[in-house]
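These notes are about the structure you will find just below.
Each reported figure results from applying straightforward, stated rules to the coordinates on display, with no laboratory input. Because the structure is a prediction, the values reported are computed rather than measured. So basically every Cβ, Gly included, is an ideal-geometry build from the backbone, and we count neighbours across all protein chains shown.
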Amino acid sequence: PIDVVDLGEAGPIRCNRCKAYINPFFIFFDGGRKFKCNLCAFDNEVPSNYFVNLDMNGRRIDADSRPELKKGTVEFVASKEYSNRPAKPASYIFAIDVTWNSLQSGMLARCVQAIKELLYSGEKGLPVGARVGIMTYDKSVHFYNLKSTLEQPQMLVVADVEETFVPLSAGLLVDPYESKVVIENLLDSLPTIFEATRISESVLGASALAAYSALKDHGGKLIIFQTSLPTVGPGALKNREDIKLLGTDKERNLYEPQEYFWKKLGQDCCTAGISVDLFLFPNAYIDIATIGALSSLTGGETFNYTSFDGQRDGLKFSEDLKTLLRRTFGYEALLRIRVSNGLKVSDYFGNFYMKNATDIELAGLDSLKSIGVALHHDGKLDEKMESGIQAALLYTTASGARRIRVHNISFSNTSLLGDVFRLADMDTTVNYLAKAGKCLNLAWDDG
């Protein structure tokens, strides 16, 4: 496990110039009263509450007892200044398509079964303190009051999808264990409630907007289950699949977003700390290039089950859902990469949102997310010195703790190309090249 360091209300020690966090490569001098930043070489005063003397070798006498001074990766408890709102456990909303397609394919039955297994199978479920909400939608959006004091869930229908609102002030997001009976009753009854439906169109955009409104003051995850192209309501899309375009220069247009609504909603979700995961079950064209912006901008994932059959594909879908939501998860994250003198960050590759040139916004992230970073050296690197990189991730844990995870590395400079290749990590190199190639290709298409 990663060591967690709590330095009190003042927060972690940082360089006054470049704002790098304290790490094992800071050099303390002047009897321990000052330190030199390993990234920008600025001399800083050591705060009085952090001062200790140096030993005969110039090391702090407490260096071996402080994780931030001996380990390359640590996690700091974030003080209040690092939060825009009080940190709280993540909230989860399951938004389920209940059109005719979802019943005929067996998706709805498999979906409610998978959610029940996730929440109540006895295996690792959602984090302690997490809150859960369930929505369904076809041509209308359906909300459910899941208060534990109710005997049966209450269904509220919003038919005006152009002006969608959340009709519940309480009861939409609940503790899954306090409301276990109510939630299980709802999940068991959903296939029966909609078994006679003949509605084939769904208002995915309105449902996503409503879920955003419900989650924007909390942060967490929105998990969407969709079976067809959303052709009505906000963000309605047209079927632009044309077999005549395949193999021509115009084919690439099919892979570009066609409606700005989805990109804007993805950006809003990212700002609010809402990660969106898409589970798609199409029998025909569904335009992942457009609606996929919801997951790509928010650090979520997209799963596609073409021609889904509940008997054949149900187990895989169920395991995918449970595996995704059982991973260690963080949300409302901000990542910044700092490098030492002579280096600069020139580009970033991956699924995220950036409002400025330095900060990567991640609505959600887990252990399988990775980001590529391109470094350029804009000055001569001294081979007698080392260069450093620090990645600082400010985020909220799924259980509601605001933390700063800091990774530090220091490496030798060399003018020999052979040394670079000899010490390179092949997995990292391939991962980076794949991300860079994909992002550059998309940028070329946009241009």
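A few points about this structure:
- In order along the stretch 395-411, the phi-based Karplus estimate (6.51 cos²θ - 1.76 cosθ + 1.60, θ = phi - 60°) of 3J(HN,Hα) comes to 7, 10, 5, 4, 8, x, 10, 8, 9, 10, 8, 10, 10, 10, 8, 10, 9 Hz; Gly and Pro are listed as x.
- Helix-only arithmetic for the chain: the sum of -39500 (n - 2.57) across DSSP H runs with n ≥ 4, divided by the residue total, places the mean residue ellipticity at 222 nm at -8000 deg cm²/dmol.
- Cut-off 13 Å between beta-carbons: net charge of the residues surrounding W100, Lys and Arg +1, Asp and Glu -1: -2
- Build a GNM of the chain with springs between Cα atoms under 10 Å apart, and of L173, L156, L423 the one that fluctuates most is L423.
- Filtered GluC sites (Glu not before Pro), the stretch 2-84: DSSP coil and at most 14 other beta carbons within 10 Å: E9
- Rg(Cα) / (2.2 N^0.38 Å) computed for the stretch 1-77, rounded to two decimals: 1.03
- Estimated dipole of the chain in Debye, rounded to 20 [Cβ of Lys and Arg +1, of Asp and Glu -1, Cα centre]: 980 debye
- Within the listed set D378, D427, D43, the residue fluctuating most in the Gaussian network model of the chain (springs between alpha-carbon atoms under 10 angstrom) is D427.
- Dimensions of the stretch 1-136 along the principal axes, based on C-alpha atoms and rounded to the nearest Å, stand at 75, 29, 24, largest first.
- Distances between placed amide hydrogens fall under 5 Å for I134 paired with F94, Y144, all partners being 5 or more residues away or on another chain.
- Listed residues T397, T306, T192, most fluctuating in the chain (Gaussian network, C-alpha, under 10 Å): T192
- Computed from phi, the 3J(HN,Hα) profile of the stretch 313-328 under the Karplus parametrisation 6.51, -1.76, 1.60 (θ = phi - 60°) reads 10, x, 5, 4, 4, 4, 5, 4, 5, 5, 5, 4, 7, 8, 5, 4 Hz, with x in place of Gly and Pro.
- Pairs spanning more than 27 Å between alpha-carbon atoms, out of K180/K264; K36/K344; K250/K435; K80/K355: K180/K264.
- For I409, the residues whose amide H sits under 5 Å from its own are I389, ignoring neighbours fewer than 5 places away on the same chain, with H placed 1.01 Å from N.
- Contact order normalised by residue count of the chain, Cα under 8 Å, 6+ apart, percent: 16 percent
- Orientation-averaged projected area, Cα convex hull of the chain (nm²): 25.5 nm²
- The distance linking the stretch 187-202 with the stretch 356-391 is 49 Å (Cα centroid to Cα centroid, whole angstrom).
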